[in-house]
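See structure below.
The values are calculated or read from the model by the stated rules, or taken from the named source; none is laboratory data. Quantities reported herein were computed from a predicted structural model and do not represent experimental measurements. As a convention, Cβ positions derive from the backbone with ideal geometry for all residues, glycine included, and neighbour counts pool all protein chains shown. Only protein heavy atoms, including side chains, enter the accessible area calculation; ligands, DNA and RNA are left aside. Shrake-Rupley method; radii C 1.70, N 1.55, O 1.52, S 1.80 Å.
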Amino acid sequence: MNEAVGKSKTKSYKVTSTNFWITKSKQTVGWSGAKPITKTVQKSAKLANKKASLYPKIKNDHNRVTMPTPKIADMEIVPKKDRVKWTSTNRKNYKKAYIKKYGDPKIDWSGDSTEIHHVVPREYGGTNKFENLFPLPVRIHRSTVNTWWKNY
C-alpha cells in the first residue's frame with residue numbers, strides 16, 4: 001500500500017462468531033517539503049460476540065475494579081446437569097468475601113437491586129470462585145451484560 005498524507009482506506013470484516021479481534025492501522029503524517037512518516041498502530045485484543053459487540057467494560061464504582069473479560073472465546077455450552085449451582089448460600093458467601101476484601105459498599109445486596117454476574121457464565125463452565133464473580137446493578141446486568149451473552 002502506498003501511504004499518502006490525507007488519504008484513508010478501510011476494510012470491514014463480517015463477524016460470524018465470538019472471537020478476540022485486534023485492530024491495526026497505519027497512520028501517515030507529513031508536511032510540505034518533508035518525507036511522510038508512517039507509523040503502525042496495533043490495539044490490544046478485544047472480545048466481540050457474533051453481533052460484533054465488544055464485551056462490556058464496566059467499572060465498579062466502589063472498589064474501582066473493572067469487570068474482567070473472559071480469557072477464551074470458543075467456550076462450549078455445558079449441559080444443565082453439569083453446571084455449578086448458584087444458591088442463596090453462594091450469594092451470601094460472595095457478599096461476605098467482597099466486604100472482607102474491599103469494605104462495605106453500602107449497597108442493597110438484594111437480588112432486586114444487585115445481581116452477581118459470573119464473568120464466565122455457568123452455562124459455559126463458569127465457577128462460583130470469587131475471581132469469576134462481579135456485582136452489578138440489576139439494570140446493567142440484564143440490559144447490557146446478559147444481552148451481550150445472548151449473542152455469544
Highest to lowest packing among 102-109, 114-121, scored as the average C-beta count within 10 Å: 114-121, 102-109
Kirkwood hydrodynamic radius of segment 70-152, Cα pairs, Å: 13.6
Cα long-axis angle, helix 88-102 against the chain (0 to 90 degrees, to the nearest 10): 60
Taking only Cα atoms of segment 1-99, radius of gyration then Dmax in Å: 22.0, 71
Backbone HN-Hα couplings from phi across segment 19-24 [Karplus 6.51/-1.76/1.60, Hz, Gly and Pro as x]: 6, 8, 10, 10, 9, 9
Å² per residue, accessible surface of segment 1-113 at 1.4 Å: 82
Under Karplus coefficients 6.51, -1.76 and 1.60, residue-wise ³J(HN,Hα) of segment 70-87 in Hz, glycine/proline x: x, 7, 10, 10, 10, 6, 8, 5, 8, x, 3, 5, 9, 6, 5, 7, 10, 10
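Cβ neighbours within 10 Å, averaged per peptide: list 125-135, 54-64 in order, most packed at the top.
Descending mean neighbour count gives 125-135, 54-64.
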Separation in nanometres of the label points that stand 7 Å from Cα toward Cβ, at K24 and A52: 2.0
Centre separation in Å (Cα based) which lies between segment 1-64 and segment 97-136: 32
Accessible surface of the chain, 1.4 Å probe, proportion on carbon and sulfur as whole %: 51
Whichever lysines have a C-alpha closer than 17 Å to that of K92, once near sequence neighbours (fewer than 8 apart) are set aside: K100, K101, K106, K129
Segment 8-13 - phi-based ³J(HN,Hα) in whole Hz, Karplus 6.51/-1.76/1.60, Gly and Pro as x: 9, 8, 10, 9, 10, 10
Amide H within-cut-off set for T114, under 5 Å, with H built and near neighbours excluded: V138
Computed FRET value (nearest 0.05) for T127 with I107, which takes r as the C-beta separation and R₀ as 25 Å: 0.60
Convex hull volume per residue in cubic angstrom - Cα atoms of segment 53-102: 130
Peptides 32-41, 87-96 ordered by average Cβ neighbours within 10 Å, highest first: 87-96, 32-41
